[in-house]
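Notes for the one structure printed next.
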Amino acid sequence: MNAAVKKFLLFLFLLVILASTYRLVGGLTLERSKGVSLETPLDKAMPFLPELTVVYMSIYFMWLPIVFSPDVSVEYFKDMAKATLWAFGIMYFYYLILPSSYPRPNLDECECWAHAPLRWLYAVDLPNNTFPSSHSAGVAILLAASEKKLSGLSKFLYFTWGMLIIISTFAIKQHYIADTVSGVAVGYITWFVYSGYRMQPETS
């Protein structure tokens, strides 16, 4: 089995673990999160851009360049996965202690194409588990871990992709600004702590 296949299978395993535990914690905190808002004047001033829903959901595909990169070893990929699990564990703690939810915009007034992906997202995702943003944390880990693995145009495009996903978290009204900022902080801090003290030696 080559390295790309191993990494892809690990990615699928990670995705199943995160999706199931995220949903479990979300169900446990849903009732307590109702009415708990972290909205600020800045959140109110942010425009609603449902067109970015597709960008928001593309986070799962953001793993694929890492999966298929020959410069990322299986061991390094395992460390990225472990750091992601640690970050989610930290966020689950906050979800359980301080559950909050985002009041979703009314989409019934418009049947425009931009609302179709958002309706699907609302159907499969709960409105809570907002603080910190797991989307922002996941992107931060990917960007931090790939910083020395990519270069030139590919690095620029990957970074731009990540930043657009982070912006989309509050642009489509899935998260508050505080969620996004705290999620980025959790992701970067978790990666640098993990890579500094726990990560296995690089073998790629």
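The values are calculated or read from the model by the stated rules, or taken from the named source; none is laboratory data. Fair warning: this is a prediction, and the values are worked out from it, not measured in the lab. Please note: Cβ atoms are built from the backbone with ideal geometry, for glycine as well, and neighbour counts cover all protein chains shown. Just the protein is used for accessible areas: all its heavy atoms, side chains included, with ligands, DNA and RNA removed. Shrake-Rupley method; radii C 1.70, N 1.55, O 1.52, S 1.80 Å.
The table below gives the values:
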quantity	calculated
Computed over region 108-201, Kirkwood Rh from alpha-carbon pairs, angstrom	14.7 Å
Low-density loop positions, trypsin sites (Lys or Arg not before Pro), region 152-198 - DSSP coil, at most 13 other Cβ in 10 Å	ARG198
Size of electric dipole in region 39-139: Cβ of Lys, Arg +1 and of Asp, Glu -1, about Cα centre, debye, nearest 20	240 debye
Within region 43-125, GluC sites (Glu not before Pro) in DSSP loop having at most 11 other beta-carbon neighbours inside 10 Å	GLU109, GLU111
From the coordinates shown, semi-axes √(5λ) of the Cα gyration tensor in Å corresponds to which of [x] 23, 21, 15; [y] 53, 18, 11; [z] 29, 19, 16	[z]
Lys, Arg +1 and Asp, Glu -1 on Cβ, resulting dipole of the chain about Cα centre, debye, nearest 20	460 debye
Principal-axis tilt of helix 177-197 within the chain, Cα atoms, nearest 10 degrees	20 degrees
Cα-based helix-to-principal-axis angle, 3-33 vs the chain, degrees rounded to 10	30 degrees
FRET efficiency, 1/(1 + (r/R0)^6) with R0 25 Å, evaluated for ILE90 and GLU147 via beta carbons	0.75
Separation in nanometres of the label points that stand 7 Å from Cα toward Cβ, at GLU51 and LEU28	4.0 nm
With every protein chain in place, the chain: carbon and sulfur % of accessible area (1.4 Å)	71 percent
Vicinal HN-Hα couplings computed from phi for region 115-128 (Karplus, 6.51 cos²θ - 1.76 cosθ + 1.60; Hz; Gly/Pro x)	8, 4, x, 6, 4, 5, 4, 4, 6, 9, 10, 7, x, 10
Straight-distance crosslink candidates among lysines, where the alpha carbon sits under 25 Å from LYS34 and sequence neighbours closer than 8 are dropped	LYS44, LYS173
Degrees between helix 74-97 axis and first principal axis of the chain (Cα, 0 to 90, nearest 10)	30 degrees
The chain, accessible area per residue, ligands and nucleic acids excluded (1.4 Å, Å²)	51 Å²
Of SER73, LEU14, MET163, farthest towards positive along the dipole that unit charges on Lys, Arg, Asp, Glu beta carbons give the chain	SER73
Neighbour-limited loop hits for trypsin sites (Lys or Arg not before Pro), region 5-110 (at most 12 other Cβ within 10 Å; DSSP other than H, G, I, E, B)	none
